[in-house]
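Have a look at the structure below, then the notes.
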Amino acid sequence: MDRRLTSLLFRVTREVRELAIVDGETAYIRDPVFGIVRNRVHAEVAKALLRSGGDPLVGPILNYVAGCQNPDGSYNEVHVNYNEPSALITAFIGDALLEAADRHPHEEVLRKARDFVLAAERRPGYFLKSSGYTADHLNVDASCGAFLARYAERYGDEDARAAALRAAENIVHHQCKCSFYPYAVDKGTYPYVFKLPCVHYQGVTMYYLAKMNDVLHEERIDESLAKGARWLANAQRPDGRFDWSRSGLSFAYYLSGAYAFAQASFVYASRTDDRYRDHADLCLDWLDKNVQGLAPRWEPGPWIDLVPSVATAATAASLGKYPLRHRAFRFGYGMYREIARRRYSKTAETQSFEALCRLLGIRTSTVEPSNNFPDLFMTSEMLDCLSQSGVWGEHA
């Protein structure tokens, strides 16, 4: 494994472990900024600890997770703004339980999670994220498909495998001609169809689609991933940073986790095309420089280039065919993020954004502090991606 990757994983894991609260046979991790306990964080941290050779904390974390399952087999997406059952989060938990199944078996919990995710398929390959967010999100399909494919591999479950293949087909079918995977392909509960390119979600969709094809071994999926990697590589500058003017999804603008998802996706792509190794290294360079403990929520930036960033925000806001009012909102959102990512604090000030949302009648699925902050959520995603990329790199 790359020495920089090993060092990065070690220092980030050490920081996260210090947040763990051990209570007898269970352990959980509370968000130091928002005070919530996210199911997804536990899944991603547990997988990273397992891939590092195992850790005494894995068993207690998974014991805690097992106790959080709802009677119908689902897990809640625990968010600052809401707390509701989600097939996406259930798939993440299921994936972690699969990875740990030999050393920390939770067979009944895992089977119920499989049943819930299978039941979340509303159309062939479209998995409902949750009751509050009903659009067909391709990253959700990929995440659910990855879990079901791996479940099928372990248990010989043909229904799970067939569902995973349908998820892959849905994703490949909706990949745009210019090779990006749109965030959503229908409207659902959103005011518009967010069929937009997004640097962050390009990496997310590729990452889980790659995990799916680790099991399915479908040539068409590999061809789709190769096209996706080309789009993502073209969005990366020579210094490793992404060109966010190509990313039209406002709430994912400058998310630092984009570099970890991209790094893992490029490592996977480099198994058949070695040129993507350089792109993976550029992502790793960025992460090594900017992540010392908990990752910043957003890509930091110097104040000196705030004025040029106006053009970036304007270009990003112009992507897609939307009414002028919505484009203006996205531009304002982008500039708010441009300022916020340059202001760093160990806490998150959210009152300004909440007041603005009430004033304008905006319903948002995210929290938008007016400052950058150490984010456990981004950090756990990075741990999962980077530890998985280490596994893929070893088998390259």
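Computed from the coordinates by the stated procedures, all read-outs in this text should not be read as laboratory data. Since the model is a prediction, treat every value here as computed from it, not as a measurement. Positions of Cβ are backbone-derived with ideal geometry, glycine not excepted, and every protein chain shown enters the neighbour counts.
Out of S74, L376, Y155, whose Cα points farthest toward the positive end of the dipole of the chain (charges: +1 Lys, Arg; -1 Asp, Glu; placed on Cβ)? In the chain, that residue is L376.
In a simple Cβ point-charge model (Lys, Arg +1; Asp, Glu -1; nothing else charged), region 255-326 has a dipole of about 400 debye relative to its Cα centre.
Could you tell me the relative contact order of the chain? Use alpha-carbon pairs under 8 Å, at least six residues apart, and round to a whole percent.
Values: 705 pairs, mean separation 64.6, N = 396.
Relative contact order here is 16 percent.
Among A316, S265, L225, whose Cα sits farthest toward the positive end of the charge dipole of the chain (+1 at Cβ of Lys/Arg, -1 at Cβ of Asp/Glu, about the Cα centre)? Farthest towards the positive pole: A316.
Using θ = phi - 60° in the Karplus curve 6.51 cos²θ - 1.76 cosθ + 1.60, the 3J(HN,Hα) couplings for region 305-311 round to 9, 5, 4, x, 5, 4, 5 Hz; x is entered for Gly and Pro. Dipole check for the chain: with +1 at the C-beta of Lys and Arg, -1 at the C-beta of Asp and Glu, and the Cα centre as origin, the magnitude is about 1360 Debye.
Couplings 3J(HN,Hα) of region 314-326, computed from phi: 5, 5, 4, 5, 7, 5, x, 9, 10, x, 4, 4, 5 Hz, in residue order, whole Hz [Karplus 6.51 cos²θ - 1.76 cosθ + 1.60, θ = phi - 60°; x for Gly and Pro]. For the chain, DSSP calls about 95 percent of its internal beta bridges antiparallel. The Cβ shell under 12 Å around G73 holds other residues with a net charge of 0, Lys and Arg each +1, Asp and Glu each -1. Dipole magnitude for region 217-256: about 240 debye, using +1 per Lys or Arg Cβ and -1 per Asp or Glu Cβ, origin at the Cα centre. Relative contact order, whole percent, for region 126-265 stands at 25, derived from Cα pairs under 8 Å and 6 or more residues apart.
Cα centroids of region 1-47 and region 279-332: how far apart, whole angstrom? For region 1-47 versus region 279-332, the Cα centre distance is 26 Å.
Label positions at T347 and R327, each projected 7 Å from the Cα along the C-beta direction, are separated by 4.0 nm. How about region 75-184: which trypsin sites (Lys or Arg not before Pro) there lie in a loop by DSSP and see at most 14 other Cβ atoms within 10 Å? Counting only loop positions with at most 14 other Cβ atoms within 10 Å, the trypsin sites (Lys or Arg not before Pro) in region 75-184 are R103, K177.
Around the amide H of R297, modelled in the peptide plane, lie the amide H atoms of F373, D375, all under 5 Å away and 5 or more residues distant in sequence or on another chain. Taking a threshold of 32 Å on the Cα-Cα distance, which of the pairs K211/K289; K177/K346; K187/K289; K47/K129 fall above it? Pairs exceeding 32 Å: K177/K346; K187/K289.
For region 267-278, 3J(HN,Hα) computed residue by residue from phi via the Karplus equation (6.51, -1.76, 1.60; θ = phi - 60°) reads 4, 4, 5, 6, 5, 10, 9, 5, 5, 6, 4, 4 Hz, glycine and proline entered as x.
Test of understanding: in a Gaussian network model of the chain with alpha carbons linked when under 10 Å, which of C198, C385, C68 would top the mean-square fluctuation ranking? Maximum fluctuation in the GNM of the chain, among the listed residues, is at C68.
Each of S52, P238, P191 was scored by the projection of its Cα onto the charge dipole of the chain, and the greatest displacement toward the positive side belongs to P191; charges sit on the C-beta of Lys, Arg, Asp and Glu.
With only the Cα atoms considered, the chain has a convex hull volume of 129 Å³ per residue. Each helix, a run of at least 4 DSSP H residues, gives -39500 (n - 2.57); summed and divided by the residues of the chain, these come to -18000 deg cm²/dmol at 222 nm.
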